[in-house]
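The values are calculated or read from the model by the stated rules, or taken from the named source; none is laboratory data. Here the structure is a predicted model, which is why all the values come from computation and not from measurement. Heads up, the Cβs are rebuilt from the backbone with ideal geometry, glycines too, and the neighbour counts pull from every protein chain shown. These area figures cover heavy atoms from the full protein model, side chains too; ligands, DNA and RNA do not enter into them. Shrake-Rupley method; radii C 1.70, N 1.55, O 1.52, S 1.80 Å.
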Amino acid sequence: MFDTLQDRLAATFKSLRGKGRITEADIDATAREIRRALLEADVALAVVKDFIAAIRERAQSAELSGALNPGQQIIKIVNEELINILGGETRVIRFAKNPPTVILLAGLQGAGKTTLAGKLAYWLKGQGHSPLLVAADLQRPNAVDQLQVVGQRAGVQVFAPEPGNGTGDPVAVARASMAEAERKLYDIVIVDTAGRLGVDAEMMQQAIDIRDAVNPDEVLFVVNAMIGQDAVNTANAFADGVGFDGVVLTQLDGDARGGAALSIAKATGRPIMFASNGEKVDDFDLFHPDRMASRILGMGDMLTLIEQAEKTFDAEQSAKAAAKLTTKGGGEFGLSDFLQQMQMVRKMGPLSKIFGMLPGMGDMKDQIAGIDEKEVDRIEAIIHSMTPSERDNPKIIDGSRRARIARGSGVEVSAVNNLVNKFFEARKMMSQLATGKGMPGMPGMPGLPGAAKRPAAKQGKKNKRGKKVSGNPAKRAAAKSGQPEETVDPAAAFGGGMEPEQLEQAIKDFQLPPGLGKMINNQGK
């Protein structure tokens, strides 16, 4: 959603890199570009004005004389101000002292309240609570049936005494749900109300009546993050009518410009509490302003990535895999272990989403977007076509076995060869990283396999006559010409004094070390 804004901000900050001093003109140009980027992202004008004013004031103060260089300091200021307009701190649900805690969902029709009710219930269930969904949307056709389906997917109970489709009293249903929750010991009640088509006075009064009937601990305003600046107008109308305590953004995975997310918290004074970013019941989480600001600025979101990994990865299996990598040069780590780790990574979500959370991936969006998930399916098919002994010890996979595996997985033999060869390379690298030996074969790094040993003292090469030749190009050129070093043209030391034909021949004669040349050629394929 924030790709366009992220690209514009990255281009703006790139012009500040390497500057030892930021002038007033630099600050003005940066503020102007940020203002343009925010307006193009459909952020509310009032929010943009406050945001730019805060950046200007801080950038012109003594803050730029801190430890960071001025360019980095401006990025830091923008990051902190982004966190501010997104709400400042993560806001969690306020639970009632005496259960049940009542959560009322309100918003426009089509904002995704019913689906979100199921996601919220599933999330709360994962936190150890016992939620009850209440079908108080009796106007929209099949809204009650939809909530029951969503509740079934989330594994939670739904209170739906009325069939809906225009019949029944939503206020009476909401009031009856409180008695149901107390009778069956549900500690959270989530009331799904009817959506509104714009600011509808009659429907707004219905929401007020439901609110008064259940006395909710939290009123959450559900808004589609793709509707832009109109989200602020709608939110203000709800704040004046029903009133709400927090905002839930839906469809954060959409391709809109994201102005609602950057406007609504600052404009309404209510924090964004949750964000929904997919169709699955678990595509839902707390909204962290600092992490969202980090994503917008292209700095990744490692905390969310770590949290998802902790939820997904089996600690015992991961420990066993790590132990195999640190013993016997990683020889005990087989394709079965590799497959287990790969499947756990896939449970975290699409690979493009995972890589997008890594810092520094802003410049690789096209490559990340082009990740072929089917390639991972093909790898799984190849490994599943192997026998257990072949997975545990891939070294026994000879030509005939590779042909059989290729037939079994429906791929070419070259695909099997490629997987096996890449596995051995990856296992070697992971084993050396796990044992603290570093990256293999990096020349000049002490203590690494294939690394060049550092000589005790610098020694110049000898020419054919046995005389030492300096390693300094300028000194070498001076010695060759018989002139003092100061009088030699520095360009001559690097071939600048050659005739064109001599320089061309010297370039042709230059050869990379065989190992380095091979590595570069492989990278280009």
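Things to note:
- When each of LYS113/LYS374; LYS328/LYS422; LYS49/LYS280 is checked by Cα-Cα distance, pairs over 27 Å: LYS113/LYS374; LYS49/LYS280
- Estimated FRET transfer efficiency (GLN127, ASP212; beta-carbon r; R0 45 Å; 0.05): 0.95
- Student exercise, segment 128-239 dipole from Lys, Arg, Asp, Glu Cβ charges, in Debye to nearest 20: 240
- A simple spin-label model places the labels of ASP50 and MET344 4.4 nm from each other, with each point 7 Å out along Cα-to-Cβ.
- When segment 115-248 is reduced to its Cα atoms, the Kirkwood hydrodynamic radius in Å: 15.2
- Amide H to amide H distances under 5 Å link THR101 with ALA96, ILE188, VAL189, where only residues 5 or more positions off or on other chains count and H is placed in the peptide plane.
- Segment SER400-ASN233, length gained on full extension (0.36 nm per residue, minus Cα span): 53.2 nm
- At the residue level, THR90 shows approximately 50 square angstrom of accessible surface with a 1.4 angstrom probe and all protein chains present.
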